[in-house]
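Working notes for the structure below.
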């Protein structure tokens, strides 16, 4: 069985989402493991080796040493590809059950992603790199409008990376916007309500300056050029992080953009702290302001927090606490969401995530709506 | 040894890519700071101060009619806790004696009944078992036995079902220490008799150090 899993694992993709909680492993900069210094996207060779030798469990590893696991962590296992090419494949399946056990129970099974990615380098120094992905996105569950067509084959990112100086990286192309803590939960209030969810990438330029003690990223963007021009959110965003002490970073983040219909401003402060061996605490809170072209501006807030603990190699438990309110001046409810779950990497290339989420609405008055539960399961396969 | 291996693997695989500069920084940082700490072996005591948030559901009965009454309760709780490491020091038994007070609000779905700012108080005995895989963090299970005193103050002809005085619960918690004496904890507990779900955030202080 374990051999079968090894074979399956070797045939499956390795592109990973950002895991800012791995500051608990004392890796505070995303550039350590990702081609994109702001996290997300394909892993570099070091990231793959680190995943195999330190983060993932040893299921199917037999008597292989960590060194051997690291050597086998490439796209084709032990066989090393030429320095100028690094391909990857990835698939992610999500299962959601809302209000389990009640009359309102609903379940959903979605292939969220099936994607190929490629990184090409000019020169062994990797000073110049081209990174691109092409993949499937699920059709929306809503009914399509008349004449509306959904392209299920899209590229979520394609950019050119230049290492301009020892500490400065420039990225040009389509990427995730720089803002806040880039964690894997794209339905979290801090991502979904700020306009930074799974398919909210934009074409633009990112300048990323990295010092051992601090990092600054500035992103100017023209919106998603595949969208209709009046819908494109054009603007800028930035993220600054400062290392207060080893494995504790605090920062601030800002985004300002507009299209023909609405101007968006987001501002947040954040903290990422590593504890013990592989454990971390993440915190981000901010304001969300939307100003429609016609009408009054609306200001809300969000909070994201996560405590993450390594139980044993490859296995982690986590708890999350979130809050969100769309309009601070209205009588609308505060949304509170608590969650707990298991994040497991039994072996390199395979990830399981199981989570239970409890959402409660808190009104200022005596109204108490029914709270809801959601169970989420995710399998994520990578090569 | 593991980190030396990491550096070796990285240098082989990367041929010193630009990213390796930062990777090495971090690896060096890690190896110089690695420390071994042992778990406390002796029993000790703690005080926990916590904020609890609870959703509850009662059934109201008036004549032959029934209705759901949904309530939200907030409380401040103080616990005196005995922490007793087991033979295997990775496991710690704990016994908490606590009392709390708070306020509740809620409304019926059909009956014209709502309350706001009602006070309540509770006592609880909470045995638990924690697993600590490193010197700073723990995860554990708890099985509280709680007694709650509350009055919804509804119309006289309404009776409240499931407004039990007593309930047992089952929950999980996560403890994160930020110094030898102080830690934060998050817990999630379901109380069966009350049909209530409690989220609790606490600050914990170790006594006698």
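The values are calculated or read from the model by the stated rules, or taken from the named source; none is laboratory data. Source: prediction; values computed, not measured. Glycine also receives a Cβ, built like all others from the backbone with ideal geometry; neighbour counts cover every protein chain displayed.
How many residues are away from chain B (no Cβ under 14 Å) and either buried (at least 18 other Cβ atoms within 10 Å of the Cβ) or in contact (Cβ under 8 Å) with a residue 60 or more places away in the chain (or both) when one looks only at the range A:208-223?
In the first step, residues of the range A:208-223 are kept if they are away from chain B (no Cβ under 14 Å); the result is A:216-223.
Narrowing further to those that are either buried (at least 18 other Cβ atoms within 10 Å of the Cβ) or in contact (Cβ under 8 Å) with a residue 60 or more places away in the chain (or both): A:217, A:219, A:221, A:223.
The qualifying residues number 4.
When you go through B:93, B:121, B:131 one by one, which is the residue that is out of contact with any helix residue (DSSP H, G or I) (no Cβ under 9 Å at 6 or more places or on another chain) and over 20 Å from residue B:185 (Cα atoms)?
Numbers: B:93 fails: over 20 Å from residue B:185 (Cα atoms); B:131 fails: over 20 Å from residue B:185 (Cα atoms).
After ruling out the rest, the residue left standing is B:121.
Please find, within the range A:52-71, the residue that is nearest to residue A:185 (Cα to Cα) out of those that are assigned to a helix (DSSP H, G or I) and either touching a strand residue (DSSP E or B) at 6+ places or on another chain (Cβ under 7 Å) or facing another protein chain (nearest Cβ under 8 Å) (or both).
A:55
Restricting attention to the range A:46-98, which residues are surrounded by fewer than 18 Cβ atoms within 10 Å (Cβ to Cβ) and on the phi > 0 side of the Ramachandran plot?
Result: A:62, A:77.
Please give the number of the condition residue A:180 fails out of (1) under 19 Å from the mean Cα position of the chain (by Cα); (2) buried (at least 16 other Cβ atoms within 10 Å of the Cβ); (3) at negative phi.
Exception for residue A:180: condition (3).
Looking at the structure I just gave you, is residue B:96 under 26 Å from residue B:56 (Cβ atoms), away from chain A (no Cβ under 14 Å) and surrounded by 15 or more Cβ atoms within 10 Å (Cβ to Cβ)?
Answer is yes for this residue.
Sort through B:176, B:152 and tell me the only one that's in contact with a strand residue (DSSP E or B) (Cβ under 7 Å, 6 or more places away or on another chain), outside any strand (DSSP E or B) and within 14 Å of chain A (Cβ to nearest Cβ).
Testing whether each residue is in contact with a strand residue (DSSP E or B) (Cβ under 7 Å, 6 or more places away or on another chain), outside any strand (DSSP E or B) and within 14 Å of chain A (Cβ to nearest Cβ) leaves just B:152.
Which residue pairs have Cβ atoms under 6 Å apart, sit 6 or more places apart or on different chains, and have a first residue in the range A:269-297 that is within 14 Å of another protein chain (Cβ to nearest Cβ) and surrounded by fewer than 22 Cβ atoms within 10 Å (Cβ to Cβ) and a second that is modelled with pLDDT of 95 or more and not in a strand (DSSP E or B)?
So the pair list comes out empty.
Which of the residues that make up the range A:30-49 are assigned to a helix (DSSP H, G or I) and either more than 8 Å from chain B (Cβ to nearest Cβ) or without any contact (Cβ under 8 Å) to a residue 60 or more places away in the chain (or both)?
Once the filter is applied, which keeps residues that are assigned to a helix (DSSP H, G or I) and either more than 8 Å from chain B (Cβ to nearest Cβ) or without any contact (Cβ under 8 Å) to a residue 60 or more places away in the chain (or both), the range A:30-49 yields A:30, A:32, A:45, A:46, A:47, A:49.
With within 30 Å of residue A:377 (Cβ to Cβ), in contact with a strand residue (DSSP E or B) (Cβ under 7 Å, 6 or more places away or on another chain) and modelled with pLDDT of 95 or more as the only criterion, which of A:190, A:237 stands out?
Sole residue among the options that is within 30 Å of residue A:377 (Cβ to Cβ), in contact with a strand residue (DSSP E or B) (Cβ under 7 Å, 6 or more places away or on another chain) and modelled with pLDDT of 95 or more: A:190.
Restricting attention to the range B:102-119, which residues are buried (at least 18 other Cβ atoms within 10 Å of the Cβ) and assigned to a strand (DSSP E or B)?
B:102, B:104, B:105, B:106, B:107, B:108, B:115
Within the range A:314-342, how many residues are at the interface with another protein chain (Cβ under 10 Å from one of its Cβ atoms) and either free of Cβ contacts under 8 Å to residues at least 24 places away in the same chain or farther than 20 Å from residue A:281 by Cβ (or both)?
Number of matching residues: 5.
Could you tell me which numbered condition residue B:182 fails, if it satisfies all but one of (1) exposed (fewer than 14 other Cβ atoms within 10 Å of the Cβ); (2) farther than 30 Å from residue A:248 by Cβ?
Only one criterion in (1) exposed (fewer than 14 other Cβ atoms within 10 Å of the Cβ); (2) farther than 30 Å from residue A:248 by Cβ is unmet by residue B:182, namely (2).
Please state which one of B:146, B:98, B:153 is on the phi > 0 side of the Ramachandran plot and in contact (Cβ under 8 Å) with a residue 24 or more places away in the chain.
Matching residue, one of B:146, B:98, B:153: B:153.
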